[in-house]
Amino acid sequence: MKRIKIGVLYGGKSPEHLVSIESGKAIFSSLSEEKFDKHRIYINEKGEWFFDERKGGIDEILSYGFDVVFIALHGPNGEDGSIQGLLEIYDVPYTGSDFYASSVAMDKEKTKLILKGLGIKTPKFISFYKNEVNVKRIEKEIGYPCVVKPSRLGSSVGVSIVEKEEEIEVLIKEAFKYSERVIVEEYVTGNYKEGKEIECAIIGNKNPVSLGIAEILPKRKFYDYTAKYTEGLTEFFIPARLSEKTYKKAEEIAVKVYKAVGCKGFARVDMFTRGKEIFVNEVNTIPGFTKVSMFPAIAEKKGISFSELVEKIIDLGIEEYREKKRIFENTIKFIREKKSNKTI
């Protein structure tokens, strides 16, 4: 059987560079050499590309003839549609969502606007550019405590819980280090006394399904970068400790959001609960694949091993590439037929 020629793409010019390295290493190690002709594609923090530890040009690397590239980049320049668009230009199949869905999901404000249009609850929020920050508006419309976060970043980089007005300007300034736009939203969980933080793993293309829901209970003030990537700093409950009705409703909402954003392959939908209410926080189109990451942990609880999960995502990437190619070829055929008939 011919081995699948695959490149695992990781690193990148992003604040989430180190997390991406861990994800990339885990994915690469899980690939069977019997099934895969596997190669590392590493992008350092300067944006330089390396192919199996040898420095190379983008054109050289992406013209190698990959059957598929597994994108393990997190954050800007990897999860925001940039790399997806580049791979499409080179006609290279890849895993996960396309450039459009990736770009939308990466922008927390745009995602929230889609949610509002669907009638799905999301924490009450306002957003600002630097010259628009209005502390009085924050106090009136959101109140304290509240959450401050960059609009286009992940892994809780630049996220803070603001307890009182005296802290707000300093913490907004911190968030602006990582994004040109900042979101201030209500603190739904209330230090995890009023609500729960949950994450739903979704997999699939045309017919996505939930793999299950995990509940997050950090030992720190909230589920920040340190709590996410340090073993022992967060308690996880899989499945989440929800009533059967709430659990099912959360899964339905997550799948609905996945479809609305246009996700493909896999994604994680992050939510909060407060009483019987469910709030969608954000969509992560390339969730972490480290040894402490939630997506593979949820899949494992479902009976899907790490390597099986990786292979399923690869299969979905190839399937989606073939579907897009079919549509493109049919479109070209239609235009050529119309031209030959001189109708356009």
Can you tell me which residues in region 167-192 are modelled with pLDDT under 90, touching a Gly at 6+ places or on another chain (Cβ under 6 Å) and closer than 19 Å to Val157 by Cβ? Tyr178
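Search region 256-268 for residues being in contact with a strand residue (DSSP E or B) (Cβ under 6 Å, 6 or more places away or on another chain) and more than 26 Å from Gly11 (Cβ to Cβ), and hand back the single one that is surrounded by the fewest Cβ atoms within 10 Å (Cβ to Cβ).
Taking region 256-268 as the starting set, the residues that turn out to be in contact with a strand residue (DSSP E or B) (Cβ under 6 Å, 6 or more places away or on another chain) are 257-258, 261, 266-268.
Pick out the ones that are also more than 26 Å from Gly11 (Cβ to Cβ) and you get 257-258.
Working: Val257: 25, Tyr258: 27.
Within region 256-268, the match that is surrounded by the fewest Cβ atoms within 10 Å (Cβ to Cβ) is Val257.
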Enumeration of residues in region 108-134 that are of a type outside the set (A, V, I, L, M), under 18 Å from Ile253 (Cα atoms) and not in a loop (DSSP other than H, G, I, E, B): Lys108, Lys110, Thr111, Lys112, Lys116, Gly117
Some residue of region 274-282 being basic (Lys, Arg), assigned to a loop (DSSP other than H, G, I, E, B), surrounded by fewer than 24 Cβ atoms within 10 Å (Cβ to Cβ) and over 14 Å from the mean Cα position of the chain (by Cα): yes
Kindly list the number of the only condition in (1) in a strand (DSSP E or B); (2) surrounded by fewer than 17 Cβ atoms within 10 Å (Cβ to Cβ) that fails for Glu33. (1)
Give region 180-205 a look and list any residue that's buried (at least 22 other Cβ atoms within 10 Å of the Cβ) and without any contact (Cβ under 8 Å) to a residue 60 or more places away in the chain, or say none. Val182, Val184
Number of positions in region 293-313 that are surrounded by fewer than 17 Cβ atoms within 10 Å (Cβ to Cβ) and either touching a helix residue (DSSP H, G or I) at 6+ places or on another chain (Cβ under 7 Å) or under 24 Å from Leu233 (Cβ atoms) (or both): 3
Looking only at residues in region 88-107 that are surrounded by fewer than 22 Cβ atoms within 10 Å (Cβ to Cβ) and assigned to a helix (DSSP H, G or I), which one is farthest from the chain's Cα centre (by Cα)? Ile89
Exactly one of these conditions fails for Ser82: (1) loosely packed, with under 13 Cβ neighbours inside 10 Å; (2) free of Cβ contacts under 8 Å to residues at least 40 places away in the same chain. Give me its number. (1)
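Which of the residues spanning region 165-179 are touching a residue at least 12 places away in the same chain (Cβ under 8 Å) and surrounded by fewer than 16 Cβ atoms within 10 Å (Cβ to Cβ)?
Taking region 165-179 first, the residues touching a residue at least 12 places away in the same chain (Cβ under 8 Å) are 165, 168-169, 171-172, 174-179.
Across region 165-179, the qualifying residues are Glu165, Glu169, Glu174, Lys177.
Restricting attention to region 234-248, does a residue exist that is of a type in the set (Ser, Thr, Tyr), under 27 Å from Ser29 (Cβ atoms) and not in a strand (DSSP E or B)? Walk me through how you get there before you give the answer.
Just the residues of region 234-248 that are of a type in the set (Ser, Thr, Tyr), to begin with: 234, 243, 246-247.
If we keep only those that are under 27 Å from Ser29 (Cβ atoms) as well, we get 234.
Subsequent filtering for residues that are not in a strand (DSSP E or B) retains none.
The answer is no, given that none of the residues of region 234-248 is of a type in the set (Ser, Thr, Tyr), under 27 Å from Ser29 (Cβ atoms) and not in a strand (DSSP E or B).
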Kindly check whether there is at least one residue in region 60-78 that is in a strand (DSSP E or B) and out of contact with any strand residue (DSSP E or B) (no Cβ under 6 Å at 6 or more places or on another chain). no
Quick test of your reading of the structure: Gly303 fulfils all but one of (1) on the phi < 0 side of the Ramachandran plot; (2) part of a loop (DSSP other than H, G, I, E, B). Name the failing condition by number. (1)
Taking only region 2-21 into account, find how many residues are part of a helix (DSSP H, G or I), modelled with pLDDT under 95 and surrounded by fewer than 23 Cβ atoms within 10 Å (Cβ to Cβ). 2
Inspect region 284-291 for any residue being buried (at least 19 other Cβ atoms within 10 Å of the Cβ), in contact with a Lys or Arg (Cβ under 6 Å, 6 or more places away or on another chain) and closer than 20 Å to Asp80 by Cα and give the result as yes or no. yes
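The values are calculated or read from the model by the stated rules, or taken from the named source; none is laboratory data. The structure displayed is predicted, hence computed values, not measured ones. Neighbour counts run over all protein chains shown; Cβ positions are idealised from the backbone, glycine included.
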